[in-house]
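First comes the structure, then the notes that go with it.
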Amino acid sequence: MAAISAHNLSFKYAGAREPSMENINISIEKGEFVVLTGPSGCGKTTLCRCLNGLIPNFYSGDLTGELEVDGLNVQGKTTAELSTHIGFVFQNPENQLFSLSVERDVGFGLENLGVPRDEAIERISWAMRATGILELRDKAPYELSGGQQQRAAIAGVIAMHPNILVLDEPTSFLDPKSAEEIVSVLAKLGHDLELTILLVEHRLDIVSRFANRVIVMDEGEIRLDGAPREVYGEQARLIGIGLPRVTMLSHLLRNDGFPIPNPITVEEATNELRQLLK
Amino acid sequence: MISVHNVSFQYPDGAEVLHDVNLEINDGEFIAIMGENGAGKTTLVKMFNGLLKPTNGSVAVDGVGTDKRSVAQLSRNVGLIFQNPDNQLFAETVEQELGFSLKNFGFSDDVIKKRVSSFLHILDLERYANSSPFVLSGGERKRVALAAILVWDPKHVIMDEPTIGQDYLQKDRLRNFITQLVSQGKTVIIVTHDVEFVAECKPRVILLSHGKIIGDGPATRILTDEKLVKDASLTMPQIASLMNQLTEAGAQHEIIDVYSAEGYLLKKLRAKPVSPLES
């Protein structure tokens, strides 16, 4: 069973002239780490809003096609019903954190689901340990750094034991080091818990090494879908996604007549160029 | 010119965010203030338009201390675009948002109309003129916030994290736009931790860490200095760390962007003797 499966999914916001997303067909398997990218306004956020039921529950418009998430038909489900299947982390953790202590914040979702107290306490500790913020449990969210806040937001979501995690540009407010830490925490969670991760990102420099699949959207449609090395070709460059700089360099050198493969990371580029320079 | 002299800043709860900062920023310079989350970058730039006043030391803009002017007076010359556009936007339409400050500064309706339409065009916002800023995407709202400040033509422009939420093409446009502002003689100061953006723009970089300036110089020098970058909890631009690994230890390459790396490598590759097997 696929974790996420969409068939001819389209959506047009009420009052909009054009659909924001058209004929989306994807199948994401359990445990995949998928990066979803594309220029602003390409429909990435719209797709995410369909996955967690914000569309059509909170945004009105014309939704057609089929969408299954964690085996559930999303149409007709409330966001609350979906929340134990699919967790959502937003760009700015400040929009997601509001309690007086980190621990209470992490537990907020569980409280609302009516999870018994003992179990909730256990799950909160587990979630905070998994994201590396256990020692911050008594702090106020506003006392945390951006990276710590984002970890707290992730902890609050995984405490609800979803099988799928969707994150909408979770690193954009973070410095490069904190961003890398967040993405590696995600990769570890994905691996340890067999979570399916859909990460919406522009910062391909940082996320590519962790992704086993990259989906590129443009103008409401899926244009490319595959392993990073295959996706980061000429077409991706023309769509205008920010390829990792070492990948860009390899494009330039290939155009100059030096055949080198498509590196995704600095290490790969170093090895490939060493070979070439030998 | 913005002069920062022995500035320290302490929040009322006692946390010291800036410690003995000294800095001279000349008119027409392009500067990136970089450092980890919480390094004091935003606190520092809030001193430039008087939103914050130093606990110790002084800040002067164009020769006048910020303690001698109101924020409104300072803002006429120092435009600060916040990191989060939602802290700044409030009007019903994008057009009204852009016209608001001009009205307050007492410009004539005719001038307001012209300026607003020209900035809608420059920042690619024409089609949203009559939309509410709040239905726009995060990246678009950021452009509205930028336009709403630039429209009154401040001499010094400060942008707090302008690349957040912007895709690659928008960043490219932003880069060209900054170049344009600088060529008009404006001072442009960006606060950012986007090392790849800085590697492409190559401004003067001021590195802050724990409230202190730990580096100040051209991007090519600062961002290739492994120790400085580490101390500021940043990462090196990909190209800089690639070049570090490729060139022999200690070689001063100062290459941080894709095109310079291409040039350097082409020279090396073309100089390479053809191996006997291939000839």
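Annotations
- Distribution of pairwise C-alpha distances over segment B:23-64, 5 Å bins, in %: 5, 18, 28, 28, 17, 4, 0
- Per-peptide average of other Cβ atoms within 10 Å, ordering B:185-197, B:66-78 highest first: B:185-197, B:66-78
- Shape parameters for segment A:69-119, alpha-carbon atoms, Rg then Dmax in Å: 13.0, 36
- Fraction of antiparallel bridges per DSSP, the protein assembly as shown only, in percent to nearest 5: 55 percent
- Rh (Kirkwood; distinct C-alpha pairs) - segment A:85-168, Å: 12.4 Å
- Gyration tensor over alpha-carbon atoms, segment B:73-134, equivalent ellipsoid semi-axes in Å: 18, 16, 11
- Virtual spin-label span in nm between A:Leu72 and A:Arg129, 7 Å along Cα→Cβ: 2.8 nm
- Peptide-level mean, for B:260-272, of C-beta atoms on other protein chains within 10 Å: 4
- Cα convex hull volume per residue for the protein assembly as shown (Å³): 167 Å³
- Charge dipole of segment A:2-239 about the Cα centre (unit charges at C-beta), most positive-ward option of A:Gly147, A:Phe11, A:Ile86: A:Gly147
- Largest-first ellipsoid semi-axes for segment B:2-221, taking √(5λ) over the Cα gyration tensor eigenvalues, angstrom: 28, 20, 16
- Least to most buried among A:Met1, B:Met1, B:Met243 (fewest other Cβ within 10 Å first): A:Met1, B:Met1, B:Met243
- Divided by 2.2 N^0.38 Å, where N counts the residues, the Cα radius of gyration of segment A:1-134 comes to 1.19.
- Under 21 Å from A:Lys139, Cα to Cα: lysines that are on another chain or at least 8 residues apart: none
- Cross-link reach is defined here as a Cα-Cα straight distance under 19 Å, omitting same-chain residues fewer than 8 places apart; for A:Lys12 the lysines meeting it are A:Lys44.
- The sum of -39500 (n - 2.57) across all DSSP H runs of n ≥ 4, divided by the residue count of the protein assembly as shown, sets its helix-only mean residue ellipticity at 222 nm to -11500 deg cm²/dmol.
- Cβ neighbours within 10 Å from other chains - mean over B:166-173: 5
- Fewest-first sequence of B:Ile214, A:Ile215 by Cβ atoms within 10 Å of each Cβ: B:Ile214, A:Ile215
- Candidate aspartates and glutamates - alpha carbon under 14 Å from A:Lys188, same-chain residues fewer than 8 apart omitted: A:Glu32, A:Glu180
- Where the alpha-carbon atoms of segment A:156-278 are placed on the principal axes, they occupy 52, 34, 26 Å, in descending order.
- Computed over every Cα-Cα pair of segment B:140-198 and binned at 10 Å starting from 0, the pair-distance distribution P(r) comes out as 21, 61, 18 percent.
- Out of every Cα-Cα pair that segment B:146-279 contains, those further apart than 18 angstrom amount to 61 percent.
- Between the listed residues B:Tyr128, B:Gln170, B:Asn104, the Cα displaced farthest toward the positive end of the dipole of segment B:92-179, a dipole computed from Cβ unit charges relative to the Cα centre, is found at B:Gln170.
- Cα gyration tensor category, rounded, prolate or oblate, for chain A with a/c compared to 1.5: oblate
- A:Met217 long-range amide H proximity, modeled H, under 5 Å: A:Thr37, A:Gly38, A:Arg223
- Residue ranges A:202-212, B:112-122 sort as A:202-212, B:112-122 when ordered by packing (mean number of other C-beta atoms within 10 Å per residue, highest first).
- Measuring against 22 Å, Cα to Cα, the residue pairs B:Lys41/B:Lys186; B:Lys227/B:Lys267; B:Lys53/B:Lys103; B:Lys171/B:Lys202 contain B:Lys227/B:Lys267; B:Lys53/B:Lys103 as the ones spanning a longer distance.
Rule-based calculations on the coordinates, nothing more; no lab input. The structure presented is a predicted model; accordingly, all values stated were derived computationally and were not measured. Quick reminder, even Gly has a Cβ in these numbers, built from the backbone with ideal geometry, and neighbours come from all protein chains shown.
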